[in-house]
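Asker: I am attaching a structure below and will ask some questions about it afterwards.
The values are calculated or read from the model by the stated rules, or taken from the named source; none is laboratory data. What you see is a predicted model; the values in this text were computed from it and never measured. Neighbour counts are summed over all protein chains in view; Cβ atoms, including those assigned to glycine, are modelled from backbone coordinates with ideal geometry. Accessible surface is based on the protein model in full, side chains and every heavy atom, while ligands, DNA and RNA are left aside. Shrake-Rupley method; radii C 1.70, N 1.55, O 1.52, S 1.80 Å.
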Amino acid sequence: MSLVKVDRRAPPALHDQVAAQIRRAVAEGEAKPGERLPPARDLAAVMGVNANTVLRSLRQLRDEGLLEFRRGRGVRVVGTPARGSVLEKAIELVELAGRHGYPREELLRMIRSLP
């Protein structure tokens, strides 16, 4: 899985940047369903962040349904590349709507009105 260092000067929080990198890897098929991710401290070293930052990102991705935590078995990818792509675009849409002053409830109404 190819990951790059995060940009500490960029507006998104570090944990969001880390989550985006892992989400991208799933979306592009670099991390396939059933594969185990490297330990958080190894990911942190590669990306130049604290292990707690990576753990926060992993929990976020677990809550999104992309990852699964199993005691003694590590973190595994359970989401599909399609789910990763859709989640990535959905997050971009929510961020775009927020920058233009649309609250999430309004965005949801807009989406529901689509054919």
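Asker: Which whole-Hz ³J(HN,Hα) couplings does region 13-22 yield from phi under the Karplus relation 6.51 cos²θ - 1.76 cosθ + 1.60, θ = phi - 60°, glycine and proline marked x?
Answerer: Along region 13-22, the couplings run 4, 4, 5, 5, 5, 5, 4, 5, 5, 5 Hz.
Asker: Counting only protein heavy atoms and using a 1.4 Å probe, what share of the accessible area of the chain belongs to carbon plus sulfur, as a whole percent?
Answerer: Working: 4010 of 7490 Å².
With neighbouring chains kept in place, the figure for the chain is 54 percent.
Asker: Note down the relative contact order for the chain as a percent, whole number, built from C-alpha pairs under 8 angstrom at least six residues apart. Before the final figure, lay out each step's value.
Answerer: Details: 135 pairs, mean separation 30.5, N = 115.
About 27 percent, as a whole number.
Asker: Suppose only helical runs count, i.e. DSSP H with n ≥ 4. What mean residue ellipticity at 222 nm does that imply for the chain under -39500 (n - 2.57) per run, divided by all residues and rounded to the nearest 500 deg cm²/dmol? Write down the numbers at each step before the final one.
Answerer: On the way: 5 runs with 63 residues, N = 115.
That comes out to -17000 deg cm²/dmol.
Asker: Taking every pair of distinct Cα atoms and averaging 1/r, then inverting, what Kirkwood hydrodynamic radius in Å comes out for the chain? Before the final figure, lay out the partial values.
Answerer: Working: mean 1/r = 0.0668 Å⁻¹.
15.0 Å is the Kirkwood radius here.
Asker: Region 46-110: D in µm²/s via Stokes-Einstein (Kirkwood Rh, Cα pairs, 4 °C, 1.567 mPa s)? It would help to have the intermediate numbers written out before the result.
Answerer: On the way: Rh = 13.8 Å.
Translational D for this selection: 94 µm²/s.
Asker: Could you size up the charge dipole of region 12-115 around its Cα centre, putting +1 on the beta carbon of Lys and Arg and -1 on that of Asp and Glu, and report it in debye to the nearest 20? Before the final figure, lay out each step's value.
Answerer: On the way: 18 positive and 13 negative charges, 83 e Å.
Magnitude of the dipole: close to 400 debye.
Asker: Skip the ligands, DNA and RNA, and give the accessible area per residue of the chain with a 1.4 Å probe, whole Å².
Answerer: Details: 7490 Å² over 115 residues.
For the chain, the per-residue accessible area is 65 Å².
Asker: Additional query: Say the dipole of the chain comes from +1 at the beta carbon of Lys and Arg and -1 at that of Asp and Glu; which of 4, 77, 110 then lies farthest toward its positive end?
Answerer: It is 77.
Asker: Treating the angle as unsigned and between 0 and 90°, give the value, to the nearest 10°, between the Cα long axis of helix 81-99 and the longest Cα principal axis of the chain.
Answerer: For 81-99 against the chain, the angle is about 50 degrees.
Asker: Taking the alpha-carbon centroid of each part, what is the distance from region 88-115 to region 10-70 in angstrom?
Answerer: 24 Å
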